[in-house]
Amino acid sequence: MRLSRLFFTSLRDDPSDAEMPSHRLLVRAGYVRQLGSGIYSLLPLGFRATRRVEQVIREEIDGIGGQEMEMPVVHPAELWRESGRYQKIGPELVRFHDRGGRDMVLAMTHEEVVADLTRDLIRSYRQLPVIVYHFQTKFRDEPRARGGLIRVREFVMKDSYSIDVDEAGLDRSYRLHYEAYERIFRRLGLETVAVGADVGIMGGSLAHEFMVLNEYGEDTLVLCETGDYAANQQIAQVRKPEPPAEAVLPIEEVATPGTDTIAALAGFLGVGTDRTAKAAFFTTANGRLVTAIVRGDFEVNETKLVNAVKAVGGIRPAHREEIKAAGMEPGYGSPVGARDTVVVVDDLVARSPNLVAGANRAGFHLRNVNVGRDFQPDVLADITNARAGDPCPRCGAAVELRNGIEVGNIFKLGRDFTTALGATLLAEDGSRVHPIMGSYGIGLGRNLACIVEAHHDEKGIVWPAEVAPYAAHLVELGGDRDPSVRETAERLHDAAAEAGREILWDDRPESPGVKFTDAELLGMPWILTVSPRSLKAGGVEVRERAGGESRIVPVEEAEGLLTGRQAVPA
RNA sequence: CGGGGCGUGGCGCAGCUUGGUAGCGCGUAUCGUUCGGGACGAUAAGGUCGUGGGUUCAAAUCCCGCCGCCCCGACCA
């Protein structure tokens, strides 16, 4: 490809709205352009790189028996009503109607379609197991896009789906995907850690997220320093401290003016935050008030809380009036004397004697509050966030908290979708059963961005060979003055193209500085320079973008390198 | 949805406080000189100042509404 013909431009200045290196570089180097918030075009360079990512995924999913297909982006709303998600999912699901007034949705994922096809196509256990997949556009009207390609609203995802007769089959399909994902991310040059994850609105029984560590990551990961435990903080369970063994003391009210935070309260009373009980208030989608009680030295984990009360549709922070209506006082709240609220108590609080808790009266707290004696929990569960330094649940070593970006996930869906849609088949024993599904996603654009996050330097992108849009970047200098330079460049370019390994040939009439700078910005693995000087020195200058020394090789050798007939020089 | 910021030629920005009809750098086009690390000179093109309304003799500038984009939070199969 001649750079002079490429539909692109590089920018000298960083785009003002880009913060993450991947966003900055992909825009500056002419790989992508933004069309709207969370909506991007892939320019030819970006599209080529994405296709190479896609090909790696295709090879590995084909390798575990996946069958590639394609499902639509526009779905009849009826299908989503059948699964129940039309009602369950909020504005993230785009709804519209066609000219006939029929309700339609834009696909945010494709479980419904797979389940629909399953009930249509699968009659017998003999047809299973099946893994199908496609690369298809998803639209999710996220409340906020961010980070360039990291969190967008429209994106292409590889999503595969497994259909099995029983749990053992699902286990196998899940394991196959787990291993395929490890191979995919290794080939893409991504170091990932697989963490246990919340199953969320998908339901199901088990999920892993493949995470790359990144300071801009939106997820918090709980990682054991010995490497034997890794989980998303949403579900991470660590060992909790042992509360002091004390005799239960009589409850007493104490004036604590101006202490509407735990820190202020502990300071005022001169006790540790671990001797206090913190109340946090939430409201469920159907209007129930949830009072969560954790010890003052811990934070409420909302995912765990949602799961503890099985709050379909999630929870939001409660309003002051809602709290007061339940007989509690914001800032000085506790379940002591409360009514009309679901009291969820963290297991550690239940074991901790004589805590300081709110008196439900502004400016007052209660000393020596004890769960069971002074109030009754409706639900007892682990509802706290793991903290840095807490003991690993497996080995007791300290865990650390790191930010991560989810580059892939795998879910054991179970039978929810096939049951809801009425997909059945005849099992070996003649019984009619609902098949069991798994769902497995990898977002292409996000992976591309994460690759750039992991492979760049101050000058630009440094593509791993497996995903580089072109294998090499040929810098031609002085070709307009020296015909032999132009001829050599053309020969290398054509030879590579004929061998099926197209390279990028900078034939623009630009100064050397501009060309070298762009070559480094665009990031092809090999940078070759042809110039009167290089020819005089014996051929073509060859340099590895990743940082190798440059050296002169004869033209024939350069040609061999580009066509793959000759091994890459050491 | 709450908080903050921004919107001025393709890109990055100044001008706004104190109203007087738009400027800088880069890029682009043509010509010439250069030619191994973002060259130099000359000439030129290119802007409804996001948008609607208001105030005013006069609005990029002041006031109000709306839209868009970015960041933080909420949210996130």
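Regarding residue A:52, is this residue within 12 Å of RNA strand B (Cβ to nearest atom), modelled with pLDDT of 95 or more and open to solvent by 40 Å² or more (accessible area, probe 1.4 Å)?
On the way: within 12 Å of RNA strand B (Cβ to nearest atom): no; modelled with pLDDT of 95 or more: yes; open to solvent by 40 Å² or more (accessible area, probe 1.4 Å): yes.
Answer is no for this residue.
Does the range A:85-120 hold any residues that are open to solvent by 20 Å² or more (accessible area, probe 1.4 Å) and more than 22 Å from residue A:144 (Cα to Cα), and which are they?
Within the range A:85-120, A:97, A:98, A:99, A:100, A:101, A:102, A:103, A:104, A:116, A:117, A:119, A:120 qualify.
Which of the residues spanning the range A:383-400 are part of a loop (DSSP other than H, G, I, E, B) and within 18 Å of residue A:298 (Cα to Cα)? Explain how you work it out, then say what you get.
Initial filter on the range A:383-400 (part of a loop (DSSP other than H, G, I, E, B)): A:383, A:385-390, A:392-397.
Within the range A:383-400, A:383, A:385, A:386, A:387, A:388, A:389, A:390, A:392, A:393 meet the criteria.
From A:366, A:380, A:413, which residue is more than 23 Å from residue A:228 (Cβ to Cβ), open to solvent by 40 Å² or more (accessible area, probe 1.4 Å) and part of a strand (DSSP E or B)? Lay out the reasoning, then the answer.
Values: A:366 fails: open to solvent by 40 Å² or more (accessible area, probe 1.4 Å); A:413 fails: open to solvent by 40 Å² or more (accessible area, probe 1.4 Å).
That would be A:380, the only listed residue that is more than 23 Å from residue A:228 (Cβ to Cβ), open to solvent by 40 Å² or more (accessible area, probe 1.4 Å) and part of a strand (DSSP E or B).
Restricting to the range A:293-323, name every residue that is within 12 Å of RNA strand B (Cβ to nearest atom), among the hydrophobic types (A, V, I, L, M, F, W, C) and assigned to a strand (DSSP E or B).
Of everything in the range A:293-323, those that are within 12 Å of RNA strand B (Cβ to nearest atom), among the hydrophobic types (A, V, I, L, M, F, W, C) and assigned to a strand (DSSP E or B) turn out to be A:300, A:315.
From the set of residues in the range A:463-479 that are within 13 Å of RNA strand B (Cβ to nearest atom) and touching a strand residue (DSSP E or B) at 6+ places or on another chain (Cβ under 6 Å), which is nearest to residue A:525 (Cα to Cα)? If you could, list the steps in order and put the result at the bottom.
First pass over the range A:463-479, keeping only residues within 13 Å of RNA strand B (Cβ to nearest atom): A:473-479.
Okay, now just the ones that are also touching a strand residue (DSSP E or B) at 6+ places or on another chain (Cβ under 6 Å), so A:473-476.
Working: A:473: 8, A:474: 11, A:475: 13, A:476: 17 Å.
Top of the filtered list is A:473.
When both residues are 6+ apart or on different chains and their Cβ atoms are under 8 Å apart, which pairs have a first residue that lies in the range A:504-520 and is outside the structural domain of residue A:484 (by TED's automatic domain parsing), and a second that is within 6 Å of RNA strand B (Cβ to nearest atom)?
That search, which allows pairs on different chains as well, returns nothing.
Give the number of residues within the range A:267-292 that are in contact with a helix residue (DSSP H, G or I) (Cβ under 7 Å, 6 or more places away or on another chain) and part of a helix (DSSP H, G or I).
Result for the range A:267-292: 1.
State whether the residues of the range A:239-254 include one that is at pLDDT below 90 and in a loop (DSSP other than H, G, I, E, B).
Kept after step one, since they are at pLDDT below 90, are these residues of the range A:239-254: none.
No, that holds for no residue.
Of these, A:26, A:43, which one is more than 30 Å from residue A:173 (Cα to Cα), free of Cβ contacts under 8 Å to residues at least 40 places away in the same chain and surrounded by 17 or more Cβ atoms within 10 Å (Cβ to Cβ)?
Values: A:26 fails: free of Cβ contacts under 8 Å to residues at least 40 places away in the same chain.
Being more than 30 Å from residue A:173 (Cα to Cα), free of Cβ contacts under 8 Å to residues at least 40 places away in the same chain and surrounded by 17 or more Cβ atoms within 10 Å (Cβ to Cβ) holds for just one of A:26, A:43, which is A:43.
If a residue must be assigned to a loop (DSSP other than H, G, I, E, B) and within 9 Å of RNA strand B (Cβ to nearest atom), how many such residues does the range A:85-103 contain?
Within the range A:85-103, the subset assigned to a loop (DSSP other than H, G, I, E, B) is A:89-94, A:98-102.
In the following step, the residues that additionally are within 9 Å of RNA strand B (Cβ to nearest atom) were identified as A:89-92.
Qualifying residue count for the region: 4.
Of the residues A:498, A:549, A:559, which is more than 7 Å from RNA strand B (Cβ to nearest atom), more than 24 Å from residue A:44 (Cβ to Cβ), surrounded by fewer than 16 Cβ atoms within 10 Å (Cβ to Cβ) and not assigned by TED's automatic domain parsing to the domain that holds residue A:28? Spell out how you get there, then give the answer.
Details: A:498 fails: more than 24 Å from residue A:44 (Cβ to Cβ); A:559 fails: surrounded by fewer than 16 Cβ atoms within 10 Å (Cβ to Cβ).
None of the other options fit; the residue is A:549.
Between A:546, A:537, which is aliphatic (A, V, I, L, M) and farther than 17 Å from residue A:479 by Cα?
The conditions single out A:546.
Consider the range A:22-49. How many of its residues are within 12 Å of RNA strand B (Cβ to nearest atom), in a helix (DSSP H, G or I) and not aliphatic (A, V, I, L, M)?
Adding up the residues that qualify gives 4.
Looking for something within 11 Å of RNA strand B (Cβ to nearest atom) and either part of a helix (DSSP H, G or I) or touching a His at 6+ places or on another chain (Cβ under 7 Å) (or both) - is there at least one such residue anywhere in the range A:13-20?
No; the residues of the range A:13-20 include none that is within 11 Å of RNA strand B (Cβ to nearest atom) and either part of a helix (DSSP H, G or I) or touching a His at 6+ places or on another chain (Cβ under 7 Å) (or both).
The values are calculated or read from the model by the stated rules, or taken from the named source; none is laboratory data. Since the structure is predicted, the reported quantities are computational estimates derived from the model, not experimental observations. When we count neighbours, we look across all protein chains shown, and the Cβ atoms used for this are built from the backbone with ideal geometry, even at glycine. Please note that ligands, DNA and RNA were not included when accessible areas were found on the heavy atoms of the full protein model with its side chains. Shrake-Rupley method; radii C 1.70, N 1.55, O 1.52, S 1.80 Å.
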